[in-house]
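The values are calculated or read from the model by the stated rules, or taken from the named source; none is laboratory data. Keep in mind it's a predicted model, so treat the numbers as computed, not measured. Here the Cβ positions follow ideal geometry from the backbone for every residue, glycine too, while neighbour counts run over all protein chains shown. Protein only, heavy atoms only, side chains kept; ligands, DNA and RNA dropped before computing areas. Shrake-Rupley method; radii C 1.70, N 1.55, O 1.52, S 1.80 Å.
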Amino acid sequence: MKIALIGYGKMGKMIEEIAQSRGHEIVSIIDIDNQEEFESERFGTADVAIEFTSPTAAYGNYLKCWQRGVKVVSGSTGWMKEHGDDVKQRCSGEGGQTLFWASNFSIGVAIFSAVNRYLACIMNQFPQYDVELEETHHVHKLDHPSGTAITLGEEIVEALDRKDGWAEDTTDPRQLRIDHIRRGEVPGIHTVRYDSDADLITISHDAHSRRGFALGAVLAAEYTKEHSGLLTISDMFKF
């Protein structure tokens, strides 16, 4: 498979290493200082572009890829509120474009998310437990809460009758509280706590490195080459 990389930081370099180890060819690398590469012949030969950039750049990158007929795999967060409806339309049957988007590509997080949904369904029967969510990431992460925390939080809210939504720094009992911590070079920790007067139930995912995210992104690219539309982790992994 021919892959283009958009964003060539630590994640991009790790994706390159893993993709090549799985027999794929990196045909184009685009970073902030060579945006003209979107118009290159090399970029146009890519089967899939893997995009890890910033909330402000992601949507524009999707459009540039689609203009060249290139499918996109993206882990960029923070763009969906402003551009989500347009992306869904473009990736519909009528729009004809393809985006595989996930807030987190880690296989472990996919498993953790399935456990989170199952536990939330159980806990809907036990209103004596309040729930909160906390995420910790490296100091370079710009958005908060993390896209993964938002996804996990929305799964909890959907299952719990006693929650209407989520918010940061809230004391409203009808809102799921999501806290964020930024320290050091932490790849990512997500923790869900159900607390009652009697006891505390905790589930947590702690990433040792970005390697799990990078592998998941390459697996997603392999999946995306053979599929179309708006895709996500739940399409690739059937839990």
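Data for the structure
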read-out	value
Furthest towards positive pole of dipole, THR98, ALA149, HIS137, structure part region 52-182, Cβ charges	THR98
Gain on full stretching of the segment that runs from THR45 to ARG182 - 0.36 nm per residue minus C-alpha separation	45.4 nm
Listed peptides 97-108, 139-150 by packing density, highest first (mean Cβ within 10 Å)	97-108, 139-150
Those residues of region 66-80 whose amide nitrogen sits under 17 Å from the label point placed on VAL139, 7 Å along Cα→Cβ	none
Exposure of ARG177 as accessible area (Å², to 10), given a probe of 1.4 Å and all protein chains	70
Cβ-Cβ FRET estimate between ASP130 and ILE107, R0 fixed at 41 Å, reported to 0.05	0.85
Structure-derived mean projected area of the Cα convex hull in nm² - corresponding label in [x] 13.4; [y] 17.1; [z] 15.0	[x]
Candidate residues HIS208, HIS190, HIS24: accessible-area rank, largest first, probe 1.4 Å	HIS208, HIS24, HIS190
Mean accessible surface per residue for region 60-208, computed with a 1.4 Å probe while every protein chain stays in place, in Å²	50
Relative contact order for the chain, counting Cα pairs under 8 Å that sit 6 or more residues apart, in percent	22
Accessible surface of the chain [probe 1.4 Å, protein heavy atoms]: carbon and sulfur percent	50
Space enclosed by the convex hull of the alpha-carbon atoms of region 1-142, per residue, Å³	150
Pairs of Lys in region 1-105 closer than 18 Å at Cα, counting only those 8 or more apart or on different chains	5
Computed [θ] at 222 nm, deg cm²/dmol, the chain (DSSP H ≥ 4; -39,500 (n - 2.57); rounded to nearest 500)	-11000 deg cm²/dmol
Aspartates and glutamates whose Cα lies under 15 Å from that of LYS225, excluding same-chain neighbours fewer than 8 positions away	GLU25, ASP47, GLU51, ASP235
GNM top mover of GLY188, GLY60, GLY75 - the chain, alpha-carbon springs below 10 Å	GLY60
Debye equation applied to the C-alpha atoms of region 9-68, log10 I(q)/I(0) at 0.20 Å⁻¹	-0.81
Largest to smallest accessible area among CYS121, CYS91 [probe 1.4 Å]	CYS121, CYS91
Rough spin-label spacing in nm, given labels placed 7 Å along Cα→Cβ, for ARG162 and SER209	4.2
Antiparallel DSSP beta bridges within the chain, percent to nearest 5	35
Candidates LEU215, LEU119, LEU133, ranked by Gaussian network fluctuation over the chain, Cα under 10 Å, top entry	LEU119
VAL48, VAL186, ranked by accessible area, largest first (probe 1.4 Å)	VAL186, VAL48
